[in-house]
Amino acid sequence: AQKVTQAQTEISVVEKEDVTLDCVYETRDTTYYLFWYKQPPSGELVFLIRRNSFDEQNEISGRYSWNFQKSTSSFNFTITASQVVDSAVYFCALSEPYSGAGSYQLTFGKGTKLSVIP
Amino acid sequence: GAVVSQHPSWVICKSGTSVKIECRSLDFQATTMFWYRQFPKQSLMLMATSNEGSKATYEQGVEKDKFLINHASLTLSTLTVTSAHPEDSSFYICSARDRGFGRGAADTQYFGPGTRLTVL
């Protein structure tokens, strides 16, 4: 069975600080996808990144960066120089390729609420 | 990226009435759509997987006669909450799986903005 753990329930940082959101996953499959989504107070989930299990390269997109390490089953997300607009709930998720009933269903972590204080 | 719309964004109804929520993929075709329910300060709970042209697959504990799902086209799925009761009040979110033929990332779920349902 798949499982995603986001141990940090809530994090508060002062604006311009760097912050890392942790994500640890469990799966028996060798092929899978990892995702991060952002849910601002408005409620809509915004897609941030998808990572294939075969691609362990870290990725940077502006102030966002992701560190994928299969050895520790982790997919951590770092925001550099945080801003108030980064305040949201961030979800890490895992999906497996189509396997009949699976159909790329997402297994979500419980989310980490990030508050950036001005 | 891929865009998914959801309508209505909020609805208030009386107990016993039925409410229909629409989910549309605007710039890609989605053979698979998903319906979630989210309680305050909690993660998303998958209710059902909707495949175009076939019956939806419901998660354990979700009443299929209560939550009717129709996925009649490659861009539209609907969720109807039948005979709604106050305990059905929640935030309902749909998503559509982009297969990667357009601007979205392959095999990625893109989410609608959600529908807040309040049953009086």
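Values quoted throughout were computed directly from the atomic coordinates according to the rules given, and no laboratory measurement underlies them. Quantities reported herein were computed from a predicted structural model and do not represent experimental measurements. Using ideal geometry, Cβ is built from the backbone for each residue, glycine included, and neighbour counts are taken over all protein chains shown.
For a straight C-alpha distance cut-off of 18 angstrom, the lysines reachable from residue A:70 (same-chain residues fewer than eight places away being disregarded) are A:3.
For region A:22-110, calculate the relative contact order in percent as a whole number, restricting contacts to Cα pairs under 8 Å that are 6 or more residues apart.
Working: 154 pairs, mean separation 29.0, N = 89.
Contact order relative to length: 33 percent.
Distant-in-sequence amide contacts of residue B:48, defined by a placed amide H-H separation under 5 Å and a gap of 5 or more residues or a different chain, comprise B:35, B:59.
Taking every residue in A:43-51, how many Cβ atoms of other protein chains lie within 10 Å of its Cβ, on average?
On the way: counts 10, 8, 12, 3, 10, 0, 2, 7, 0.
That average works out to 6.
In this structure, the pairs whose alpha-carbon distance is over 19 Å, taken from A:110/B:64; A:38/B:41; B:20/B:66, are A:110/B:64. A simple spin-label model places pseudo-atoms 7 Å from Cα toward Cβ; at residue A:117 and residue A:18 they are separated by 2.1 nm. Beta bridges per DSSP, both residues in chain A: antiparallel share near 90 percent. Excluding same-chain neighbours fewer than eight residues apart, the aspartates and glutamates reachable from residue A:113 by a Cα-Cα span under 17 Å are A:10, A:15, A:17, A:18, A:22, A:44, A:86.
Over chain B, what is the mean sequence separation of C-alpha contacts under 8 Å (at least six apart), divided by residue count, expressed as relative contact order in percent?
Details: 312 pairs, mean separation 43.8, N = 120.
Relative contact order here is 37 percent.
Taken residue by residue and averaged, Cβ atoms of other chains lying within 10 Å of the Cβ of A:106-118 number 2. Whole-Hz Karplus values for region B:107-120 come out as 6, 10, 8, 10, 9, x, x, x, 10, 9, 9, 10, 10, 8 Hz, taken residue by residue from phi with 6.51 cos²θ - 1.76 cosθ + 1.60 and θ = phi - 60°; glycine and proline positions read x. If you plug the beta carbon distance of residue A:48 and residue B:13 into 1/(1 + (r/R0)^6) with R0 = 30 Å, you get a FRET efficiency near 0.30.
For the protein assembly as shown, B:13 stand unpaired, since no other cysteine beta carbon lies under 4.7 Å from theirs.
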